[in-house]
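The values are calculated or read from the model by the stated rules, or taken from the named source; none is laboratory data. Given the structure is predicted, the values throughout are model-derived calculations rather than measurements. Neighbour counts are summed over all protein chains in view; Cβ atoms, including those assigned to glycine, are modelled from backbone coordinates with ideal geometry.
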Amino acid sequence: MHAKTAESSKTILTDLVLPSETNPLNNLFGGELLARMDRAASISARRHSRRIVVTASVNHVAFNRSIPLGSVVTIEAKVSRAFKSSMEVYIDVWIEDRESGECIKANEAIYTFVAVDETGRPVAVPEITPETKIEKERFDGALRRKQLSLVLAGKMNPNDATELKALFS
Ligand SMILES: CC(C)(COP(=O)(O)OP(=O)(O)OC[C@H]1O[C@@H](n2cnc3c(N)ncnc32)[C@H](O)[C@@H]1OP(=O)(O)O)[C@@H](O)C(=O)NCCC(=O)NCCS
């Protein structure tokens, strides 16, 4: 299987914040943003693998900035690293200023998807070749994050999490 670039999995989803999607402070409801990010990230993982993909884990979400009603929100998702059947997808969320058109980073998240066959069994995916500085940084940290996610899910013994342990030694 040939390696693919991270760029070839890039997925951009732009949409408005409507009243039914807000909390009592008139900001985007967190669960709505999680769903939008999940959609964009799943398309990205599907573009990379050309397979059915399922969300295995939400590894990290930072709601750094609230997103007001009426905002134009752009979600950019890219596969940062592919392992055997799993893919880490990095998501950046931007709000566009109505007058200047300037995009401000609002949030970011990291999801893990697994490629599966028609019966739901994991299948192999192509590797990722990172090209830009940020793609390389995200690729380099992905194994550590995978190990942390597996340890937290009770699927890996902490003693086997070599990359993770290396952070503290
Ligand atoms: C995700 C799923 C396919 C994994 O199946 P599994 O039987 O645990 O399979 P494996 O143990 O072989 O794991 C498959 C891959 O997922 C990875 N994985 C599993 N759980 C993970 C987690 N919590 N965090 C990160 N990676 C995880 C494994 O490391 C493995 O990666 P690799 O093949 O790249 O090395 C299975 O748990 C599933 O179908 N879950 C439900 C998915 C779903 O319905 N999502 C929608 C939300 S409700």
* **Condition broken by Val151, with the remaining ones in (1) free of Cβ contacts under 8 Å to residues at least 12 places away in the same chain; (2) part of a helix (DSSP H, G or I) satisfied** => (1)
* Can you find a residue in region 25-46 that is β-branched (Val, Ile, Thr) and either closer than 22 Å to Glu118 by Cα or touching a Pro at 6+ places or on another chain (Cβ under 9 Å) (or both)? -> yes
* Can you confirm whether region 92-106 contains a residue that is within 15 Å of the ligand (Cβ to nearest atom) and under 15 Å from the mean Cα position of the chain (by Cα)? => no
* Any pair with Cβ under 8 angstrom, 6 or more apart, that starts in region 50-73 at a residue that is under 18 Å from Gly141 (Cβ atoms) and ends at one that is in a loop (DSSP other than H, G, I, E, B) -> Ser57/Ala153
* Quick check, is Ala115 part of a loop (DSSP other than H, G, I, E, B), in contact (Cβ under 8 Å) with a residue 60 or more places away in the chain and either touching a strand residue (DSSP E or B) at 6+ places or on another chain (Cβ under 6 Å) or within 10 Å of the ligand (Cβ to nearest atom) (or both)? -> no
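Taking region 119-140 as the region of interest, how many residues are within 16 Å of the ligand (Cβ to nearest atom) and within 16 Å of Ala77 (Cα to Cα)?
The initial filter retains those residues of region 119-140 that are within 16 Å of the ligand (Cβ to nearest atom), namely 119-128, 138-139.
Adding the requirement that they be within 16 Å of Ala77 (Cα to Cα) leaves 128, 138-139.
Looking only at that region, the number is 3.
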* **Members of region 2-37 found to be modelled with pLDDT of 95 or more and in a loop (DSSP other than H, G, I, E, B), listed by number** => Ala3, Ala6, Lys10, Val17, Leu18, Asn23, Pro24, Leu25, Asn26, Phe29
